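The values are calculated or read from the model by the stated rules, or taken from the named source; none is laboratory data. Only a predicted model underlies this, so the values are computations on that prediction, with no experimental measurement involved. In this analysis, Cβ positions are derived from the backbone assuming ideal geometry, glycine residues included, and neighbour counts consider all displayed protein chains. The accessibility values were calculated without ligands, DNA or RNA, using every heavy atom of the protein model including side chains. Shrake-Rupley method; radii C 1.70, N 1.55, O 1.52, S 1.80 Å.
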Amino acid sequence: MRKKVILITGAVGEIGQALIQSLAESDANDLLTLDLQPLPADLQHLSTHIQGDILDKNLLTRLVTEYEFDTVFHLAALLSARGEFAPELAHRVNVEGTLGLLQLAAEQSQRRGDPVRFIFPSSIAVYGLPDLETKARDYFVREWDWNHPTTMYGCNKLYCEQLGAYYSRHYQQLAAASPVMLDFRSIRFPGLISAFTTPTGGTSDYGPEMLHAAAQDNPYACFVREDSVIPFMAMPDAVMALLKLAQAPRERLTRTVYNITSFSLTAAEIRDLVAQAFPNAIISFEADGKRQRIIDSWPAGLIDKAAHRDWGWEPAYGAERAFNEYLIPNIMKRYRDV
Ligand code: AKB
C-alpha cells in the first residue's frame, strides 16, 4: 500500500522551512519534502526528504508509485529578481514545474477518487500598476485589478493560478467519464519577513535584508527609494494562512485565488522600525532604477475581504507586533547565539 503523505516542494525555501515546522507540530500526515538542496540539519528528523528537481519526470513517477499525496504545498519557484536574470529558466521551473505537479495531482485525484488539495503560493508580483499616480490612487487592489505583471515571475504566477483553476474545473472536460478533479487553492502573498531565514532572489528582499543586516551590525544600502511602499507579512502569518486555506471546507470557498495582507510600510518606515531596535544601524538609500520599477509596479496594499469572509483569514501580526514581538526578539537571539 502506498504511504499517505503531505508533499512540500521547494521545502528548503523560507516558507518551506517554516511550514515544515508548523506541520510537524500538528498531527497531520507524514511529510515528504522535495528540493534541489538538502534540508537544514535541524529539520531533517521532521520529514522524508528527496533531494531532486521537480522537472525530473522520472523522479515524480517514482514518487507516485511509493506515496499517495493527500495535500501538495507547491512552493518551488524562482523569485522575481532572479527570474529577470534567467527568464527562461524561471519559466521552466515556475510554469513547467507547476504543470507537471498539477498533472500528477490530477491523476492521483482520479486514482483515489478523492480530490488532492493543491495549495499554491502566488504573489503581489501578478499585479502591474502603470505608474505612481495610479498606484497612489488605487492604493488597495482587488484580486482582479491590474493583472498586468511586469516580471517573468509575475507572469508565471498569474498563469499558474489560471492553470490551477483549469485543472480543478475543466481538465479532461471532453473525456467520456467525468474525472474527480483536484482541489486547487491559491494565496497571493505580499513580501514576507522571517526572523529565522533570509530571502534570496526576490525584489521585496530589501525589507528583511535591512533588518537582518542591522542585527548583525552590517551597514545596508536599500535598493529602493524611501517612499517605496508595498504590503508585507510576518512569516508565522503566512504559514498560518496556508494551513487555514488548506483546511477550509471546499463549499465555503468562492474563489480559487485569494489576496491576503497584514501591513503596508514604506521603506523609510521599515528603516524607522529597525532603527528603534538597533539604534546604531547604518541604513542608506541607493535606489536601483530597475528593481525600483518592479516595486513601483506592485500595489501599495491589498483588499483581502474574500479571504476574511470565506476562510476566516485574520493576521495575528500588525506592523508593531510583528517587529516588537516576533522579528526583533527572535533576530536578536538568533545572531547573539551565533
Ligand atoms: C519577490 O520579491 O519576488 C517575492 C514576492 C513578493 O513574491 N518576495
Note to self: From Cα pairs below 8 angstrom and at least 6 apart in sequence, can you work out the relative contact order of the range 192-249, rounded to a whole percent?
What the structure shows: 40
Notebook entry, point to check: Once you put a point 7 Å from the Cα of residue 59 and another 7 Å from the Cα of residue 309, both along the Cβ direction, what distance in nm separates them?
Noted result: 4.1
Check: If we count every other residue with Cβ under 13 angstrom of residue 250's Cβ, Lys/Arg +1 and Asp/Glu -1, where does the sum land?
Finding: +1
Next item on the list: For n ≥ 4 DSSP H runs only, could you compute -39500 (n - 2.57) per run for the chain, divide by its residues and tell me the 222 nm figure to the nearest 500?
Entry: -11500 deg cm²/dmol
Notebook entry, point to check: Between residue 200 and residue 218, what length comes free when the chain is fully extended (0.36 nm per residue of separation minus the Cα-Cα distance, one decimal in nm)?
Noted result: 4.7 nm
Notebook entry, point to check: Within the range 197-230, whose backbone N sits under 15 Å from a point 7 Å along Cα→Cβ of residue 276?
Noted result: 211
Next item on the list: Work out the charge dipole of the chain with +1 on the Cβ of Lys and Arg and -1 on the Cβ of Asp and Glu about the Cα centre, then indicate which of 228, 22, 300 is farthest towards its positive end.
Entry: 22
Notebook entry, point to check: To the nearest 20 debye, what is the magnitude of the charge dipole of the chain about its Cα centre, counting +1 on the Cβ of each Lys and Arg and -1 on the Cβ of each Asp and Glu?
Noted result: 800
Notebook entry, point to check: Which percent, to the nearest 5, of DSSP beta bridges fully inside the chain are antiparallel?
Noted result: 10
Margin query: Explain nothing, just the number: dipole magnitude of the range 42-146 about its Cα centre with +1 on each Lys and Arg Cβ and -1 on each Asp and Glu Cβ, in debye rounded to the nearest 20.
Written below: 140
Notebook entry, point to check: the range 120-176 to the range 183-211: how many Å between their Cα centroids?
Noted result: 18
Item checked: Simple Cβ-charge dipole of the range 276-338, Lys/Arg +1 and Asp/Glu -1, about Cα centre, in debye nearest 20 -> 140
Next item on the list: Give, as a single signed number, the net charge of other residues whose beta carbon lies under 12 Å from the beta carbon of residue 100, with Lys and Arg counted +1 and Asp and Glu -1.
Entry: -2
Margin query: Along the charge dipole of the chain, pointing to its positive end and built from +1/-1 on Cβ of Lys, Arg, Asp and Glu, which listed residue (136, 78, 164) has its Cα farthest out?
Written below: 164
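Could you provide, to the nearest whole Å², the per residue accessible area of the range 77-336 with probe 1.4 Å?
On the way: 11100 Å² over 260 residues.
Per-residue accessible area for the range 77-336 comes out at 43 Å².
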Next item on the list: For 46, 104, write out the residues from largest to smallest accessible area, computed with a 1.4 angstrom probe and no ligands counted.
Entry: 46, 104
Checklist line | Cβ-Cβ FRET estimate between residue 336 and residue 21, R0 fixed at 30 Å, reported to 0.05 | finding: 0.90
Next item on the list: Run the numbers on the chain and let me know its relative contact order in percent, using alpha-carbon pairs under 8 Å that are six or more apart.
Entry: 18
Note to self: I'd like the accessible area for residue 226: 1.4 Å probe, protein heavy atoms, all chains in place, Å² to the nearest 10.
What the structure shows: 90
Checklist line | Farthest toward positive dipole pole in the chain [+1 Lys/Arg, -1 Asp/Glu at C-beta], among 266, 146, 279 | finding: 146
Margin query: Can you give me the % of accessible surface on the range 266-306 that is carbon or sulfur? Probe 1.4 Å, all protein chains present, nothing else counted.
Written below: 50
Item checked: Spatial separation of Cα centroids for the range 229-285 and the range 1-56, in angstrom -> 23
Next item on the list: Multiply the residue gap between residue 320 and residue 166 by 0.36 nm, knock off their C-alpha separation, and tell me the result in nm, one decimal place.
Entry: 51.5 nm
Checklist line | Stretch gain in nm, segment residue 251-residue 290, where the contour uses 0.36 nm per residue and the Cα spacing is subtracted | finding: 9.7 nm
Notebook entry, point to check: Distance in nm between label sites at residue 96 and residue 48, each 7 Å beyond Cα in the beta-carbon direction?
Noted result: 2.7
Next item on the list: Using a Förster distance of 35 angstrom, determine the FRET efficiency expected from the C-beta separation of residue 66 and residue 89, and round it to 0.05.
Entry: 0.75
Checklist line | Net charge, residue 37 excluded, C-beta distance under 13 Å - Lys, Arg +1, Asp, Glu -1 | finding: -3
